[in-house]
Amino acid sequence: EREREREMKKLNGLYTAIAILQLLSAATHAVQSDDLIIPTPSPWPERFHALLYMNLSTTHLQINNLWYDWPRGRNVNIFQKQLGALQYDVEWNNGTSFYYTLGANASCETIYFGVGIPRPDFLDGANYVGTAVTDGFLCNVWEKVDFIWYYEDVYTKQPVRWDFYDGISTHVITFEVGAVLPDSFTQAPAYCFTQDMGMLKSESY
């Protein structure tokens, strides 16, 4: 009977050791797998509103209300220039953009870029740079074709900041997923379609 008890203790000890080794192996594999995983940026929501603080390469500042609406094929930027005018930028997926102001000194410029608004997955293929703390948030950082550097919160996966190659730095203040700008705010004024004020320019990118 005692011999049997000793054998059972040995077996129990062996099973315990095997279980511990399996747990250690799984933990080691998980760490190794995590080390091999390269983070990828989250696609933009199909609709959102973001309040942006922008530091321009000219050292001037501006506030931008960005309304992104992929299903309707439009991207609206409402820029409040520092100590300056309120400018509307309505971009459409056919490549046409209207830049206009309202009021007594109203102006409008129509530009055809040849490309539409950014796709929700426009950061696909971006190079992972690593992590960095910006604006007080720990972020994953990506770079794409030396054109944009994009910062995304490690925990919430929301965009925090993006910088362009020309020095423009954009900081996200609020980010409302699903918010939609009413259609009445996206129609360019009639004077954008007159020959003298709505001059069409083509830009190649």
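The values are calculated or read from the model by the stated rules, or taken from the named source; none is laboratory data. Just so you know, these numbers come straight off a predicted model, no measurement behind them. Every residue, glycine as well, gets a Cβ built from its backbone with ideal geometry; the counts of neighbours run over all protein chains shown.
For segment 135-155, indicate whether the set of residues that are surrounded by 15 or more Cβ atoms within 10 Å (Cβ to Cβ), out of contact with any strand residue (DSSP E or B) (no Cβ under 7 Å at 6 or more places or on another chain), touching a residue at least 24 places away in the same chain (Cβ under 8 Å) and hydrophobic (A, V, I, L, M, F, W, C) is non-empty.
no
State whether one or more residues within segment 77-97 are under 17 Å from PHE48 (Cα atoms), touching a residue at least 40 places away in the same chain (Cβ under 8 Å), loosely packed, with under 13 Cβ neighbours inside 10 Å and assigned by TED's automatic domain parsing to the domain that holds TYR53.
no
Give me a count of the residues in segment 90-114 that are under 20 Å from SER184 (Cβ atoms) and within 24 Å of the chain's Cα centre (by Cα). Quick ask: steps written out before the conclusion?
Our first condition is that a residue be under 20 Å from SER184 (Cβ atoms); within segment 90-114, this holds for 90-93, 96-103, 106, 108, 110.
Pick out the ones that are also within 24 Å of the chain's Cα centre (by Cα) and you get 90-93, 96-99.
Matching residues across segment 90-114 total 8.
Condition first: touching a helix residue (DSSP H, G or I) at 6+ places or on another chain (Cβ under 9 Å) and either assigned to a loop (DSSP other than H, G, I, E, B) or modelled with pLDDT of 85 or more (or both). Can you find one or more residues in segment 49-69 that meet it? Let's see the steps before the verdict.
Going residue by residue through segment 49-69, those that are touching a helix residue (DSSP H, G or I) at 6+ places or on another chain (Cβ under 9 Å) are 67.
Restricting the remaining residues to those that are either assigned to a loop (DSSP other than H, G, I, E, B) or modelled with pLDDT of 85 or more (or both) gives 67.
There is at least one residue in segment 49-69 that is touching a helix residue (DSSP H, G or I) at 6+ places or on another chain (Cβ under 9 Å) and either assigned to a loop (DSSP other than H, G, I, E, B) or modelled with pLDDT of 85 or more (or both).
List the strands (runs of 3 or more DSSP E) inside segment 134-205, counting only whole elements, that have at least 2 residues being aromatic (Phe, Trp, Tyr) and modelled with pLDDT of 95 or more. Spell out how you get there, then give the answer.
Working: elements: 137-144, 148-153, 159-164, 169-177, 200-202.
Here the list reads 137-144, 148-153.
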